[in-house]
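Please see the structure below; I have some questions.
Just so it is clear, none of the values below were taken in a lab; they were calculated from the coordinates. Source: prediction; values computed, not measured. No Cβ is skipped: glycine too gets one built from the backbone with ideal geometry, and neighbour counts run over all protein chains shown.
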Amino acid sequence: MKVSIKVNGVQYEKDVEPRTLLAYFLREDCGLTGTHVGCDTSSCGCCVVVMDGDRAVKACTMFAAQADGHEILTVEGLAQGGALHPLQQAFWDQHGLQCGYCTPGMLMTSYALLKHKPNPSDGEIREELAGNLCRCTGYNNIVKAVRQAAETLQAAPATK
Amino acid sequence: MSTDTTIKGSLGVPMKRKEDPRFIQGKGNYVDDLSFPGMLYMALVRSPYPHAEIAGIDISEAMKVPGVVAVITGKDLEAAGLGWLPTFHGLDKQMVLAIGKVLFQYQEVAAVFAESRGAAADGAEAVQVDYNPLPVVADPFTSKKDEVLLRPDREAKTNHIYHWEVGDRDRTDQALQASEKRIRQRMWFPRCHPAPLEPCGCVAQFDKMGRLHFHVTSQAPHVYRTAVSLVTGIPEDKIHVISPDIGGGFGNKVPVYPGYVCAIVGALKIGRPVKWIESRTENLTSTGFARDYHMDVEIGAKADGTVTALKVSTTADHGAFDAAADPSKYPAGMFGIVTGSYTFPTAHAEVDAFFTNKAPGGIAYRCSFRVTEASFAIERGMDILADELGMDPVELRRKNFVKKEQFPFPSVLGFTYDSGDYHKTLEVALEKIGYQALLKEQAEKRAKGELMGIGISTFTEVVGAGPSKHFDILGIKMFDSAEIRIHPTGSGIVRTGAKSQGQGHETTWAQIVAEELGLDPQNILVEEGDTDTAPYGLGTYASRSTPTAGAALAMAARRVRERARKIAAHLLEVGEGDVEWKDYKFQVKGVPAKSVTMKEVAFAAYTNMGQNEPGLEATQYYDPPNMTFPHGAYIAVVDVDRDTGEVKVRRFLAVDDCGTIINPMIVEGQVHGGLTEGFAIAFMQEIQYDKDGNNLNTNFTDYLVPTSLETPHWETAHTVTPSPHHPIGAKGVGESPNVGSPAAFVNAVVDALSPLGVRHIEMPVTRDKVWRAIRDAEAKKGQS
């Protein structure tokens with residue numbers, strides 16, 4: 001079947017099997033391998049992308065067909081004009097990653113969170129990230145990173 | 001010459017990680033990110049039965065599935081002489097695809113190769129296998145009876161795999177009998193799984209000249225190359241193994257798995273690249289599990305608390321094949337570290353391992369081989385002894401610690417502890433957590449019937465395998481290696497035989513080299529995991545990177561410096577003996593104004609080397625003279641809800657001593673991560689089997705790993721006791737928190753419940769278990 005999905009500002013028109021998951025559409029049809037797959041049960045959140053500007057979705061739990069006509073933002077679309085997004089900068093500054101496998105999902109979930117709640121408390125950050133597993137960091141530094149990004153974004157609201 | 005005064009030390013600096021820019025931008029390069037023209041996908045058919053004869057396999061329907069190209073079974077592999085693969089310590093072999101029968105649920109039975117991921121899965125569904133179920137042995141105690149022989153393929157007609165022991169049994173038994181106080185406790189360290197977020201996988205392909213290029217999630221790519229050569233008969237020069245970015249390993253990515261062999265066979269047979277990426281369920285049900293040790297712990301002591309003897313007898317469940325990735329001569333790994341941080345005059349430890357109808361493994365999950373099990377046994381045991389003596393567990397530990405002046409300390413079970421200051425580390429922890437105030441608070445709460453617990457663990461690890469006279473895998477000695485090339489403009493490339501899976505080698509290795517050579521770590525490129533370019537090494541697990549490859553790297557850098565010194569002498573127009581290395585520069589002895597930087601020397605090494613050998617590089621292979629022995633003092637504070645059994649970890653402090661710290665930010669991150677996995681093992685993670693051999697924890701909805709909500713806030717601190725034999729004094733830290741913390745958590749919960757008379761509780765300490773323990777204890781009190 002044919003799908004038309006805008007990913008990181010680029011329109012992709014592709015002919016896919018109806019059962020194609022959005023995660024594999026992004027990885028294999030669009031070549032955007034930053035979105036990862038870590039489980040079969042929608043538990044780990046490595047595949048989280050942002051749909052239509054502010055909605056964090058698990059791309060392993062959606063068919064590509066369900067994203068037809070929608071806009072998707074993946075980790076590859078975060079940096080603008082060579083400048084890291086404040087969330088990316090904050091994960092780097094705060095040592096919010098180790099093996100890096102969960103990182104794209106963490107970033108995209110946090111991105112959607114900050115769209116809805118620009119100044120979340122630590123508890124709210126932890127609650128929002130509860131659908132994203134990390135085996136390396138123990139989350140403490142991830143929470144710090146999201147808080148740093150929130151502060152940066154609030155100080156410069158023009159930033160995406 | 002030099003006017004550059006900006007060169008600073010790179011060691012001990014919290015430098016931001018050099019690998020991060022690619023990970024935060026989705027530019028990582030994991031195995032599943034690779035794609036090659038004509039690439040096929042492989043899916044495995046797995047057994048639904050834990051123990052069954054295979055009456056027949058019909059692949060005809062699978063071959064009709066659109067896109068399916070080929071199917072192979074155990075018989076095909078056996079005919080090609082590839083039916084079995086050796087396990088790493090060489091004591092057993094493992095079926096690649098089931099031959100004649102299956103021995104555990106989810107065992108690999110057939111491999112399907114197809115044009116797409118979906119077609120491969122459809123093909124696997126369509127393979128028809130006829131099974132005749134056999135009686136199931138689901139625990140080692142049933143296995144021990146030998147009523148059902150699981151491995152008739154082996155020479156010894158028994159389910160008993162090995163008996164291993166160390167220490168003086170008779171002397172220990174006598175000392176235990178003579179002891180004024182004596183405790184005995186059965187502890188089960190349950191089966192768990194490392195579950196790195198990236199599952200295992202590979203892409204196998206042969207180039208036009210028939211050379212195998214094998215991208216794989218491997219913590220030990222060189223060992224894989226040798227193992228693949230030994231299994232397939234392909235000459236080793238025709239094998240190129242590449243470990244790209246790895247999404248966590250934690251020991252799970254050390255063994256060679258059947259899927260890898262199948263992918264290579266498929267690529268060879270079909271003549272196209274083959275990708276195999278396991279699912280999470282496949283990861284949890286068939287690849288290396290950890291622990292599953294049933295330990296009987298006995299400690300004897302004098303009435304004043306001085307320990308007199310330790311005895312630990314363990315029954316180990318190794319599953320269907322003995323695929324534990326232990327060094328050849330150490331089937332129970334470094335379990336001999338079980339005397340921990342204490343001066344036992346006598347001790348004895350033994351392990352008997354058995355086959356069962358469960359997945360094979362027994363890998364070192366974020367620890368040196370079997371060190372977590374041993375640390376848990378002694379640290380839990382010491383608390384039980386303290387309870388028996390009516391003594392503060394802190395006081396008991398203080399009384400029995402190895403003293404700092406006793407190092408190097410020969411433990412009664414055969415290790416020589418390199419260095420440590422256990423008293424100091426504990427005092428730092430007690431001070432920082434406010435132990436006295438906590439005890440006061442606890443007494444007040446107890447008076448009100450509230451359950452608050454304080455748990456201590458003062459563990460000693462043994463890591464960095466290891467001296468080649470003791471340690472090998474498949475006969476390959478456990479040395480490691482490093483190579484440094486400095487380019488004309490003062491940047492360079494570094495390669496080692498280790499392989500980062502998140503540890504941050506691209507940063508820490510650059511820091512070591514930069515420190516030794518006075519160069520900018522930002523311009524030291526670190527490359528690992530490619531067997532065509534990296535020097536041979538045994539890989540990264542068992543906290544061995546820093547103790548082995550890190551040491552090799554520092555020594556290689558010093559070799560570079562010695563070569564550079566000759567060129568510096570030429571540039572400074574003095575004899576080599578008149579040149580000294582000071583403040584990260586070469587200078588004429590006593591004349592600081594006359595100096596050259598390494599950057600200047602590097603340029604001269606290619607442009608103006610005088611009579612000296614051109615170029616600036618060195619390779620170093622390093623066989624460590626001893627292991628390193630990191631230690632720590634951990635304190636957990638918990639509150640237990642008496643009505644629901646819920647445990648809340650209020651505080652957790654880890655004071656680690658890992659010797660010299662290369663990058664404090666990375667060390668802290670590793671401690672956070674290790675504590676989280678220790679927390680998970682203590683409270684959540686377990687691979688359970690029912691009595692029929694069914695795996696009950698096959699995905700992340702049943703195998704619980706902690707999220708940001710459950711994970712406590714971690715407090716950390718350090719003492720620094722350098723390793724005397726390591727070139728920079730570092731010991732390794734990545735695994736300490738996972739080794740040391742489970743006992744601290746459990747000790748805290750048991751301490752909370754101790755007013756009710758609870759003495760032990762098995763991991764994982766779930767709310768349900770705690771609630772039952774409280775209920776049972778209260779019922780018992782009611783009766784008495």
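Mind checking the log10 I(q)/I(0) for segment A:67-108 at q = 0.20, 0.27, 0.33 Å⁻¹? Debye, one equal scatterer per Cα, no solvent, two decimals.
Debye intensities relative to I(0), on a log10 scale: -0.66, -0.99, -1.22.
List the residues, sorted by chain then number, that are 5 or more residues from A:Phe63 or on another chain and whose placed amide H is less than 5 Å from its amide H.
A:Leu22
So, one more: Separation between the A:Asp52 and B:Glu573 pseudo-spin-labels, each 7 Å from Cα along Cα→Cβ, expressed in nm?
Here the modelled spin labels are 7.8 nm apart.
Residues of segment B:120-136 with amide nitrogen under 18 Å from the 7 Å Cα-to-Cβ point of B:Ala55?
B:127-136
While we're here: Please give the Cα centre distance for segment B:298-316 versus segment B:74-105, rounded to the nearest Å.
Between the Cα centres of segment B:298-316 and segment B:74-105 lies a distance of 42 Å.
Report, as an integer, the average count of C-beta atoms from other chains found within 10 Å of each Cβ along B:690-703.
Values: counts 0, 0, 0, 0, 0, 0, 0, 0, 2, 6, 8, 5, 2, 2.
Partner-chain Cβ atoms within 10 Å, mean over residues of B:690-703: 2.
If you don't mind, there's one more thing I want to ask. When Cβ neighbours within 10 Å are restricted to other protein chains, what is their mean count per residue of peptide B:282-288?
1
For segment B:123-168 and segment B:422-466, compute the distance between their C-alpha centroids and round to whole Å.
Measuring centre to centre over Cα atoms gives 43 Å.
Here is a follow-up. Taking a 21 Å limit on the Cα-Cα distance, which of the listed pairs B:Lys358/B:Lys691; B:Lys403/B:Lys424; B:Lys93/B:Lys157; B:Lys181/B:Lys780; A:Lys144/B:Lys16; B:Lys302/B:Lys445 fall beyond it?
B:Lys181/B:Lys780; B:Lys302/B:Lys445
Next question, about the same structure. In nanometres, what is the gap between the two model label sites at B:Leu149 and B:Ala437, each 7 Å from Cα along Cα-to-Cβ?
6.6 nm
Averaged over every viewing direction, what's the projected area of the C-alpha convex hull for chain B? Give it in nm², one decimal, please.
Hull-based average projected area comes out at 36.2 nm².
Taking the Cα centroid of segment B:485-516 and of segment A:57-124, what is the distance between the two, rounded to the nearest whole Å?
A separation of 30 Å, based on Cα centres.
Still on this structure, please answer the following. What is the sum of charges around B:Gly464, taking Lys and Arg as +1, Asp and Glu as -1, for the other residues whose C-beta is under 10 Å from the C-beta of B:Gly464? Don't skip to the answer; put the middle values down first.
On the way: positive: B:Arg544, B:Lys731; negative: B:Asp418, B:Glu461, B:Asp480.
Around B:Gly464, the charge tally is -1.
Want the number for B:Glu613 to B:Asp643: 0.36 nm per residue separation, take away the alpha-carbon distance, what's left?
Values: separation 30, 0.36 × 30 = 10.80 nm, distance 7.66 nm.
Taking B:Glu613 through B:Asp643 to full extension adds about 3.1 nm, to one decimal.
Okay, next question. Above 55 Å lies some portion of the pair distances; for the protein assembly as shown, what is it as a whole percent of all C-alpha pairs? Please report the intermediate quantities before stating the final value.
On the way: 55705 of 445096 pairs.
Looking at the protein assembly as shown, the distances longer than 55 Å represent 13 percent of pairs.
Where does chain B land at 222 nm, in deg cm²/dmol rounded to the nearest 500, when only DSSP H runs of n ≥ 4 count, each adding -39500 (n - 2.57), divided by all residues?
Computed mean residue ellipticity for chain B: -9000 deg cm²/dmol.
When ranked by the protection proxy of mean other Cβ atoms within 10 Å per residue, highest first, what sequence do the peptides B:384-393, B:111-120 form? Don't jump to the answer; show the numbers that get you there.
Values: B:384-393: 18.3, B:111-120: 23.3.
Output ranking for B:384-393, B:111-120: B:111-120, B:384-393.
Give me P(r) over segment B:397-550, computed from all C-alpha to C-alpha distances, binned every 10 Å, as integer percentages.
9, 25, 22, 22, 14, 6, 1, 0
Another question, if that's okay. B:His505: net charge of surrounding residues, Cβ under 9 Å, Lys/Arg +1, Asp/Glu -1, itself excluded?
Its environment carries a net charge of -2.
For segment A:2-77, what is the convex hull (Cα atoms) projected area averaged across all directions, in square nanometres?
That works out to 4.3 nm².
Can I ask one more? Across peptide A:25-35, how many C-beta atoms of other chains are within 10 Å of each residue C-beta, on average?
Whole-number average of other-chain Cβ neighbours for A:25-35 is 3.
What does the charge dipole of segment A:86-155 about its Cα centre add up to, to the nearest 20 debye, if the Cβ of each Lys and Arg holds +1 and the Cβ of each Asp and Glu holds -1?
So the dipole magnitude of segment A:86-155 works out to roughly 100 debye.
Using unit Cβ charges (K, R positive; D, E negative) and no other charged atoms, how large, in debye to the nearest 20, is the dipole of chain A about its Cα centre?
200 debye
Return the FRET efficiency for the residue pair B:Lys27, B:Arg169: r is the Cβ-Cβ distance, R0 is 45 Å, and the value is rounded to the nearest 0.05.
Efficiency, rounded to the nearest 0.05: 0.20.
Decide, for segment B:12-144, between rounded, prolate and oblate: order the square roots of the alpha carbon gyration tensor eigenvalues as a ≥ b ≥ c, take rounded if a/c falls under 1.5, and otherwise choose prolate if a/b is larger than b/c, else oblate.
oblate
Just add up the charged neighbours of B:Asp173: K/R +1, D/E -1, any other residue whose Cβ is under 14 Å from the Cβ of B:Asp173.
Here the charged neighbours net out to -1.
In addition: To two decimal places, what compactness ratio does segment A:86-155 give when its Cα radius of gyration is scaled by 2.2 N^0.38 Å?
Taking N as the residue count of segment A:86-155, the ratio is 0.95.
Okay, moving on. So what does log10 I(q)/I(0) come out to for segment B:506-660 at q = 0.13, 0.15 Å⁻¹, using the Debye formula with one equal point on every Cα and no solvent?
Taken in order of the listed q values, log10 I(q)/I(0) reads -0.75, -0.90.
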